[in-house]
1. Kindly evaluate GLY118 against the criterion of being free of Cβ contacts under 8 Å to residues at least 40 places away in the same chain, in the same structural domain as THR181 (by TED's automatic domain parsing) and not polar (S, T, N, Q).
2. Output the residues belonging to the stretch 272-327 that are touching a residue at least 40 places away in the same chain (Cβ under 8 Å) and assigned to a strand (DSSP E or B).
3. Please enumerate the residues belonging to the stretch 330-375 that are among the charged types (D, E, K, R) and within 16 Å of the ligand (Cβ to nearest atom).
4. Being among the small types (Gly, Ala, Ser), within 15 Å of the ligand (Cβ to nearest atom) and assigned to a loop (DSSP other than H, G, I, E, B), is that true of even one residue in the stretch 376-397?
5. For residues in the stretch 106-122 being under 21 Å from the mean Cα position of the chain (by Cα) and surrounded by fewer than 23 Cβ atoms within 10 Å (Cβ to Cβ), which is farthest from the ligand (Cβ to nearest atom)?
6. How many of the residues in the stretch 58-77 are assigned to a loop (DSSP other than H, G, I, E, B) and buried (at least 17 other Cβ atoms within 10 Å of the Cβ)?
7. Check LYS198, LYS147, LYS142 and return the single one that is free of Cβ contacts under 8 Å to residues at least 60 places away in the same chain, touching a Gly at 6+ places or on another chain (Cβ under 8 Å) and not assigned by TED's automatic domain parsing to the domain that holds ALA337.
8. Scan LYS55, LYS142 and give me the residue that is surrounded by fewer than 21 Cβ atoms within 10 Å (Cβ to Cβ) and farther than 25 Å from ALA246 by Cβ.
Amino acid sequence: MENQTKRRFSVREVREDFPALRQLVYNKNLIYFDNGATSQKPQRVIDAIDRFYTKENANIHRGVHYLSQKATDHYEEARTFIANYLNAKHTHEIIFTKGTTDSINLVAFSFGELLSAGDEILISAMEHHSNIVPWQLLCERKKCVLKVVPINSKGELIMEEFDRLLSEKTKLVAITHISNTLGTINPVREIINKAHSKGARVLLDGAQSIQHLKIDVQELGCDFYAFSGHKVFGPTGIGVLYGKEAILEKMPPYQGGGDMIAKVTFEKTTYNELPLKFEAGTPHIAGGICLAEAFRYLDQFNIQDIENYEAELVNYAQDLLSTFEDIEPVGTARQKASVVSFNIEGIHPFDLGTLLDKQGIAVRTGHHCTQPLMDFFKIPGTVRASFAFYNTKEEIDYFIEAVQKSVQLLK
Ligand SMILES: *Cc1c(COP(=O)(O)O)cnc(C)c1O
């Protein structure tokens, strides 16, 4: 793929591809800075959804008829495209799920079945609830022990503490690649190497990295990589769990039902091969196909161009925000991507978010599904602007003005 000529990155042209960006809210141009929560969709993904339901809809893996074959082919081509995009060694290492949450729950249940009392799971203090609670459920079920790597005041992992907590008892390190609240990019290569040296497996929560960085699962060496389609310009209700073949082979099924079986009798049921062993029931067929369409869209570009452009946006926003008097930035890691989280002293994030909304600006306010992280910083929440490659510096200028106006009103 490297040698293909890539499309030159131009934010003006990219914006044309995303119809949702062209709308007015409250009679103002929409400024969509809530990409950490979900991304907008390019026209070709919207068209693919339309095409599927107009012309291709049928159930897969079962029918002999034309439409069923066609839908099956497209669904499996989608899996192959995504496997190649991630540079997975095998296509059957790509399991379609409902999203990051579902992917992590699958691992927590199924990999969890292989664990015993006293085994340890290591997470970090900046995890999303969906990379905390499934492990707590596992620990209750199997009497495993959950350990948490602390962070410093910039929102970076304290690696000395990671080294101290990692031991032969650690069976899994489950860590976010990029924090959705802080934007911190974690040193995942170092984490993976160290974890492997102790015999532990590593799950990366890729919900915030898949859309911003080049992801090569073999180069990273992670054992699992989980993400959601809707945050990478694809539909909701579809996501991926990548897992290394050898580990997935050892794991028991997560859910039972159609498609995941080889043979069913009342005495004994045998299970299907990977990846279908983990895909019980009719899957989100349109979702899988249209997620691949989102990756085809992204794959036109050199991801490095996107990374560079987004880094410019974050630096630009941070520099402008730092000129505010009572600004309290949350998350100032040296390695950061696409998120600016902050508070303004004396102003509740929700109030600021509400006034920004009235000016057409979509930001997220609150705890961002990271309550323990809010407790660490002793704040109720933050205002979070999270960028995608279709955002512009002009939008940031307007946002900064809007923050200024709102602060004057609220103080
Ligand atoms: C959004 C997010 C999740 C959860 O994703 P869902 O799509 O809600 O399943 C998990 N981790 C991180 C870091 C996220 O940003």
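1. On the way: free of Cβ contacts under 8 Å to residues at least 40 places away in the same chain: no; in the same structural domain as THR181 (by TED's automatic domain parsing): yes; not polar (S, T, N, Q): yes.
It is false that GLY118 is free of Cβ contacts under 8 Å to residues at least 40 places away in the same chain, in the same structural domain as THR181 (by TED's automatic domain parsing) and not polar (S, T, N, Q).
2. Matches in the stretch 272-327: PHE301 only.
3. Filtering the stretch 330-375 down to residues among the charged types (D, E, K, R) leaves 334, 336, 345, 351, 357-358, 364, 375.
LYS336, ARG364 - these are the residues of the stretch 330-375 that are among the charged types (D, E, K, R) and within 16 Å of the ligand (Cβ to nearest atom).
4. Yes: one or more hits.
5. Kept after step one, since they are under 21 Å from the mean Cα position of the chain (by Cα), are these residues of the stretch 106-122: 106-111, 121-122.
Applying the additional criterion that residues be surrounded by fewer than 23 Cβ atoms within 10 Å (Cβ to Cβ) yields 109-110.
Working: PHE109: 15, SER110: 17 Å.
Among them, the one singled out is SER110.
6. Quick first cut of the stretch 58-77, residues assigned to a loop (DSSP other than H, G, I, E, B) only: 58-65.
Checking the rest, the ones that are also buried (at least 17 other Cβ atoms within 10 Å of the Cβ) come to 60-61.
Selection size over the stretch 58-77: 2.
7. Working: LYS198 fails: touching a Gly at 6+ places or on another chain (Cβ under 8 Å); LYS147 fails: touching a Gly at 6+ places or on another chain (Cβ under 8 Å).
Exactly one of LYS198, LYS147, LYS142 is free of Cβ contacts under 8 Å to residues at least 60 places away in the same chain, touching a Gly at 6+ places or on another chain (Cβ under 8 Å) and not assigned by TED's automatic domain parsing to the domain that holds ALA337, namely LYS142.
8. Working: LYS142 fails: farther than 25 Å from ALA246 by Cβ.
Going through LYS55, LYS142 in turn, just one is surrounded by fewer than 21 Cβ atoms within 10 Å (Cβ to Cβ) and farther than 25 Å from ALA246 by Cβ: LYS55.
The values are calculated or read from the model by the stated rules, or taken from the named source; none is laboratory data. Since we're looking at a predicted model, the values are computed, not measured. No Cβ is skipped: glycine too gets one built from the backbone with ideal geometry, and neighbour counts run over all protein chains shown.
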